1. Within the stretch 18-39, how many residues are over 15 Å from LEU69 (Cα atoms) and surrounded by 15 or more Cβ atoms within 10 Å (Cβ to Cβ)?
2. Restricted to the stretch 50-66, and to residues that are acidic (Asp, Glu) and touching an Asp or Glu at 6+ places or on another chain (Cβ under 9 Å), which residue is modelled with the lowest pLDDT?
3. Sort out which residues of the stretch 15-30 are within 19 Å of VAL73 (Cα to Cα) and either at pLDDT below 95 or not aliphatic (A, V, I, L, M) (or both), and write them in order of number.
4. Check LEU46, LEU20, LEU40, LEU57 and return the single one that is assigned to a helix (DSSP H, G or I) and in contact with a helix residue (DSSP H, G or I) (Cβ under 9 Å, 6 or more places away or on another chain).
5. Could you please let me know if GLU12 is among the charged types (D, E, K, R), modelled with pLDDT of 95 or more, out of contact with any Gly (no Cβ under 8 Å at 6 or more places or on another chain) and not in a helix (DSSP H, G or I)?
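The values are calculated or read from the model by the stated rules, or taken from the named source; none is laboratory data. Just so it is clear, the structure is predicted and the values come from calculations on it, not from any experiment. Heads up, the Cβs are rebuilt from the backbone with ideal geometry, glycines too, and the neighbour counts pull from every protein chain shown.
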Amino acid sequence: MTETEIFNKVSEILVDQFDLEDDEIKLDTNLSEDIDADSLDLFEVLNRVEDEFDIKLAVAEEIQTVQDLVNKVTEQVNA
C-alpha cells in the first residue's frame with residue numbers, strides 16, 4: 001500500500017471524525033492545534049485507523065501531525 005493510499009484513508013477517517021472538508025487535511029496538519037483533537041479524539045482516531053488497516057499503533061504521544069500518523073501506519077502495513 002502506498003503512502004498516498006494510506007494518507008487518503010487516514011484523511012477520510014479524520015474528515016468523518018471531525019466533520020471537516022477533504023481539503024482541510026494535509027500532511028502537515030497538526031492534530032491538536034489545527035483540528036482541535038484532544039486525547040480522547042486522538043484515541044478514537046487511532047482505534048479507527050487500527051481497525052481500517054488491521055494494525056496496532058503504539059505510543060500515541062509521538063503522533064502530532066497527519067504525516068506522523070501516515071508514517072506510523074506505513075511502517076506497520078509494510079512490516
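1. So the answer is 2.
2. Applying the first criterion (acidic (Asp, Glu)) to the stretch 50-66 yields 50-52, 54, 61-62.
After this cut, where a residue has to be touching an Asp or Glu at 6+ places or on another chain (Cβ under 9 Å) as well, the list is 52, 62.
Values: GLU52: 97, GLU62: 84.
Checking each candidate, the answer is GLU62.
3. At the first step, the residues of the stretch 15-30 found to be within 19 Å of VAL73 (Cα to Cα) are 15-17, 25-30.
Listed by number, the residues that qualify are ASP16, GLN17, LYS26, ASP28, THR29, ASN30.
4. Numbers: LEU20 fails: assigned to a helix (DSSP H, G or I); LEU40 fails: in contact with a helix residue (DSSP H, G or I) (Cβ under 9 Å, 6 or more places away or on another chain); LEU57 fails: assigned to a helix (DSSP H, G or I).
Selected residue: LEU46, the only one of LEU46, LEU20, LEU40, LEU57 that is assigned to a helix (DSSP H, G or I) and in contact with a helix residue (DSSP H, G or I) (Cβ under 9 Å, 6 or more places away or on another chain).
5. Details: among the charged types (D, E, K, R): yes; modelled with pLDDT of 95 or more: yes; out of contact with any Gly (no Cβ under 8 Å at 6 or more places or on another chain): yes; not in a helix (DSSP H, G or I): no.
It is false that GLU12 is among the charged types (D, E, K, R), modelled with pLDDT of 95 or more, out of contact with any Gly (no Cβ under 8 Å at 6 or more places or on another chain) and not in a helix (DSSP H, G or I).
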